[in-house]
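Take a look at the structure below.
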Amino acid sequence: MTEIPNQSNKNPARQNEFILRLLSLWRGLFSVLAASGAIAPWLGIFPNLRLWQGLLLTTTLGLASIFSAIAAAEIIKRRHKGRTISLFIDYLGLVACILIILQVGGVFIGIDALAEVFGRSILFLLAAFVGYLISAAGDYFESRSTTQKILRQVGKWIVLIGMVLFLLTANIFQGLLAIINKLANPMGITAIVSLIIFGLALWGMWREPTASALKAKTNHEQMLNGWLFLSPNLLGFLIFFAGPLLLSFYFSFTDSDAFNTPKWVGVENYAKILNITIKPLAAPDQLAREALDIQVYDEVGRIKFGNGGILFGAEDKLFWLALRNTLVYALFAVPLSVIPALLLSNILNSKLPGMKFFRAVYFIPSIAAIVGISLVWQWLYNATIGYINYFITIGVEFWNNLFNTGLIDPKINWVSDEKTALLAIIIIAAWQTMGFNTVLFLAGLQNIPGELYEAATVDGAGPWDKFWRITLPMLAPTTFYVVSTTTIQAMQVFEQVFILMNPPEGPNNSTITLVLYLYRSGFQNFKQGYASALAWVLFIVIFGLTLIQFQNQRKNSLYE
Amino acid sequence: MNRKIWKLINLLVLAALALAACGAPATEAPAAEAPAQPAATEAPAQAVATEAPAQPAADVPLRWRTRPDNKEEIAVYTQISQDLDSSLEGITLAYEPGGTEGANYQDQLKTEVAAGTAPDVFWIPGTDVADFATRGLILNIAPLAAKTEGFDAQAFYSGPMYHLTYNPEGAKSGADSGALWGLPRDVSTFALYLNLDLINEAGAPDPRELAKEGKWDWNAFLDVAQKTRALGSDIYGYGASAWWGPYGVWLNASGGGFYNADRTACALNTAESLQGLEFQRALYQDYDVATPYGEDPEPPFRAGKVAMFQNGRWATPGVRTVPFNWDVVELPTGPNGTPGNWLFWGAYVINAKTAHPEEAWKLVQALTTAETQGKVAALGANIPSRVSQEALDAFLTFTPPANNQAFLSGITEAAKPTAEGPLWAGSWPEYDKIMGPAIQAVLTGGKTVEDFGATICDEANKVFTK
């Protein structure tokens, strides 16, 4: 690795030395401030802070304090590690300050206003963009300087007028005043001052003379640049995915209702979900209350045989019904959206005319909005005026007239009969997912070397042999991916059920699914803690199924 | 140069995005000056505490929301908000429609309440009042009402006011209970929307005439339903949606109901309740006169294929566009001697976290004046919640339907409507979650009434013990 050459002369070197001292001082000061902040929640300084908030604050600031202290020592020793740590801490501090300012400024809850304002001003923004294009068009007239000059001038004026009108119609001055008003409080001012300090510290540490003084090498710069590029996604993941994930794990051990301070209940939620009992039945139709402690358990189902049977009870009956329905759904929806997709992709992979058109046609359901799709299917399934029953009736009448038979029109109550309600959902899911899976299989098929088929042809293999012995094994990685993702998707079925069914649980809870139950518990029944526990149980179920698929794949894969 | 312009445009757009979001009072969350009430038992004291800090500002911004049933209602509420904005001194109003016909108003509202961004004043259905009150999400406005000159809780229908003045501390209701959770926006009842063309074609007696003669009972209803069903395999005599309202009336009309008298235990397994359920089951399964339970009956009714469609006043604007002769009639009288109708209602309540409780209370009163309610009722979707002959007389003029009296008959004391109400001794959403699918199983033929009666209360009663 080559060291970045130090091009500084004597005077800037002294200046650089001064900046380095300031930076090490800042790191020390920050370490002390962060340590104080980490202790503060436990000294009663923030009485309204919840336990998890206190823990989070202490952990975050405690780590920041420790690393900042390390960085201060490393900077004094002129080691690059100090720079790396400093940049990380200051960058995160800067992002945190921006978020705090946006929060205090009320930006996050102003999305409606944003949409409204931009609806008014978007035309002027487009005008400014057109101006930019006109100005840029000048680049194509290098040889005609007058034309180039006119285009650039016209473009600039259009941009200027467009932007001024855009800013005026976007109420930028009103917004400016509003944000000043909102930030004119201790929290807002502290955030702004901190933003400036973090920004200056970041600049001070990032600059080349500092990098040289701390013996930065090319690989250090590459590493930092890499992290910088990665940071938007990484921070987004941490804030919007990992954070809520951990929070939901904490909530799963509480009685949180989303409104009041949650109380720690230990594993009570999990115990309730998993508390089941199996009892023998004295008679097939024996009442559940005679076999179960009805104060605790409800009947989930029974198996009848001979003069008795077995009764399956659970403290949370709906969870087990939801689990059963979800597994049944996945059991049918996954094969129905994978096997036809595999066959279809083989047809669409052929060089017959019009195949590109059909590829698009089959893909359309995947990109259509699920709400729209479900509403359309709701009409199709309508037992009285729906098209599906209408065509069945026509078909039955046609058959009876043609063959003089007495077939009875089944008049299926697709969504209102507990025997067909889940099937109705499975059909929609298979129809919708099949197109996307077809595209994945198509991509897999195009990666199979043509030589294999040629060799097989020479060996006298027929189409079926080629499919069974070449296509299918070579598609194994794609198939594994398709089956895994479709299974995960199936285990999370929600939208179709929620929109199509009325009520969503369906007759006798025949369409209640795990995510639907989770949603109902958390957002309609004020049981966020319990819903979080349900979410983690669902995660374990999906994780288990995926693990089995992985092991199966490893065992059977050609690519091992 | 172009790169610079491009950068400048980007920076300005970003700044405008942030500033535009900041500078809009319409979406500003209510400031959390008043602490959330931890429990209903502490509510009255807390409510008094909220009186003190409110300093009337020069121009207090208030956000309010009510669930509209259609675009026309959004327009009416928007106009009402503009009118009140002019008439209420020192208050600037911003009306938010909230959910739409397809969106779930309550889920959105609850999420906003949890996030602390709900409006200052919002509407909730009557069944939700207990949950919101006991969790401290809405303000107890009894102290504010007590010092409001001319305010009279008895000006509203007693059914909704029983629940709106219910104080869980001491289980007491009434003007002196120390609790007032809101004021009812409107009331409504069920009626049967009639396709007169189908009824005439079937040669069935006119239900309106039977009602006038006092002969409109379950048998007469079944007779009309069967005669119209006989018109064709795709014609149905009766249709109702799949939720607690439609099936509840049959239970009520036979003398049963969802709960016991003081709403502390399940009563779905009483002989009366099961009688009502059995009649309804027979409509679907034995007589086969009804559109399949769980399927939306409104599209087939609008398509002219259902003779009697059970729904509330809120369905009127939609039905007004159907291409056949129609009218409404009261629900048929059951074995109990009443039609078993519901008195549906919802209330304007005040966010417990509002920074301006006094101004919010002024708004709630303004939204429930006879004048404001008249403007909404004129649209035809609901009935004023004030007990006022003037308001009722005005309501009768909002035709079609010609027989508006059918809705008002459902409200009268003689009709003994059961007020839609929350469960103060349990969780209504959980009760509904147990009851709904079980009843649906009966009505779709998946379970017998006997099996239902034998098991339902074992499960449903757990909701009360929590």
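Translational diffusion coefficient of the range B:56-99 at 20 °C, 1.002 mPa s, Stokes-Einstein with Kirkwood Rh over Cα pairs, in µm²/s as a whole number.
On the way: Rh = 10.9 Å.
For these conditions, the coefficient is 197 µm²/s.
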Cα centroid separation, the range B:204-229 to the range B:427-466 (Å): 31 Å
The range A:182-265 - Kirkwood radius from inverse mean 1/r over Cα pairs (Å): 16.9 Å
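Per-residue ellipticity at 222 nm for chain A, helices alone: DSSP H runs ≥ 4 residues times -39500 (n - 2.57), over residue total, nearest 500 deg cm²/dmol?
Details: 23 runs with 381 residues, N = 560.
One gets -22500 deg cm²/dmol as the mean residue ellipticity at 222 nm.
Need one value for A:498-509: mean number of C-beta atoms belonging to other chains within 10 Å of its residues' C-beta atoms. The partial results should precede the final answer.
Working: counts 1, 1, 0, 2, 8, 9, 1, 4, 6, 16, 9, 7.
Partner-chain Cβ atoms within 10 Å, mean over residues of A:498-509: 5.
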Base-10 log of normalised Debye intensity for the protein assembly as shown (one unit scatterer per alpha-carbon) at q = 0.05, 0.08 Å⁻¹: -0.42, -1.05
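Starting from the range B:139-242, pick out the GluC sites (Glu not before Pro) whose DSSP state is loop and whose Cβ has at most 11 other Cβ atoms within 10 Å.
On the way: sites: B:Glu149, B:Glu169, B:Glu201, B:Glu209, B:Glu213; in loops: B:Glu149, B:Glu169, B:Glu213.
Sites meeting the loop and neighbour criteria: B:Glu149, B:Glu213.
Taking Rh as the Kirkwood radius, which is the inverse of the mean 1/r over Cα pairs, what is the Rg/Rh value for chain A?
On the way: Rg = 32.6 Å, Rh = 30.8 Å.
Dividing the radius of gyration by the Kirkwood radius yields 1.06.
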Straight-distance crosslink candidates among lysines, where the alpha carbon sits under 17 Å from B:Lys375 and sequence neighbours closer than 8 are dropped: B:Lys71
Kirkwood hydrodynamic radius (C-alpha pairs) into Stokes-Einstein, the range B:316-414, 20 °C and 1.002 mPa s, D in µm²/s: 136 µm²/s
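Based on the mean of other Cβ atoms within 10 Å per residue, sort peptides B:331-341, A:33-43 so the most packed one is first. The partial results should precede the final answer.
Values: B:331-341: 22.3, A:33-43: 15.9.
My ranking of the peptides, most packed first, is B:331-341, A:33-43.
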Descending semi-axes in whole angstrom, ellipsoid equivalent of the range B:127-239, from the Cα gyration tensor: 46, 16, 12
For the range A:20-25, Karplus couplings with θ = phi - 60° (6.51, -1.76, 1.60), whole Hz, Gly/Pro x: 4, 5, 4, 5, 5, 5
Student exercise, chain A dipole from Lys, Arg, Asp, Glu Cβ charges, in Debye to nearest 20: 2020 debye
Dipole axis of the range A:318-556 (+1 Lys, Arg; -1 Asp, Glu on Cβ), positive-most option in A:Gly395, A:Met355, A:Thr438: A:Thr438
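Taking only the Cα atoms of the range A:1-146, how large is their convex hull per residue, in Å³? Let's see the in-between values first.
Numbers: hull volume 36.5 nm³, N = 146.
Enclosed volume per residue, from the Cα hull, is 250 Å³.
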Proximal aspartates and glutamates to B:Lys4, defined as alpha-carbon separation beneath 19 angstrom and excluding residues fewer than eight positions away on the same chain: A:Asp139
Within 10 Å of each Cβ in A:102-110, the average number of Cβ atoms from other chains: 6
C-alpha center-to-center spacing [the range A:458-515, the range B:116-190] in angstrom: 51 Å
Those lysines that a straight Cα-Cα span of less than 18 Å connects to B:Lys462, excepting residues fewer than 8 apart in one chain: A:Lys272, A:Lys317, A:Lys527, B:Lys433
For B:Gly116, distant residues with modelled amide H under 5 Å away: none
Cα gyration tensor shape for the range A:301-393, rounded if a/c is under 1.5, else prolate or oblate: prolate
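When you count, for each residue, the other Cβ atoms within 10 Å and take the mean per peptide, how do A:493-500, A:395-402 rank with the highest first?
Numbers: A:493-500: 21.0, A:395-402: 11.9.
Peptide ranking by packing, descending: A:493-500, A:395-402.
Give me the mean projected area, in nm² to one decimal, of the convex hull enclosing the Cα positions of the range A:417-560.
If you wrap the Cα atoms of the range A:417-560 in a convex hull and average its projections, you get 11.2 nm².
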Part-to-part distance (alpha-carbon centres) for the range B:270-303 and the range A:356-400, which is given in Å: 27 Å
Highest average packing first - B:294-304, A:174-184, A:539-549, Cβ atoms within 10 Å: B:294-304, A:174-184, A:539-549
Cα principal axis extents for chain B, largest first, Å: 77, 63, 46
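Any chance you could list the semi-axes, whole Å, largest first, of the equivalent ellipsoid that the Cα gyration tensor gives for the range A:318-556, using √(5λ)? Working shown, then result.
Working: eigenvalues 240, 159, 45 Å².
Listed largest to smallest, the semi-axes of the range A:318-556 are 35, 28, 15 Å.
Quick one: in the range A:377-437, what % of C-alpha pairs are over 20 Å apart?
Looking at the range A:377-437, the distances longer than 20 Å represent 38 percent of pairs.
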Peptide B:436-443 - average C-beta neighbours from other chains (10 Å radius): 5
Over chain B: helical MRE at 222 nm, DSSP H runs n ≥ 4 each giving -39500 (n - 2.57), nearest 500: -12000 deg cm²/dmol
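Just so you know, all these numbers are worked out from the coordinates, no wet-lab data involved. On a predicted model such as this, the values are computed, not experimentally measured, just so you know. As a convention, Cβ positions derive from the backbone with ideal geometry for all residues, glycine included, and neighbour counts pool all protein chains shown.
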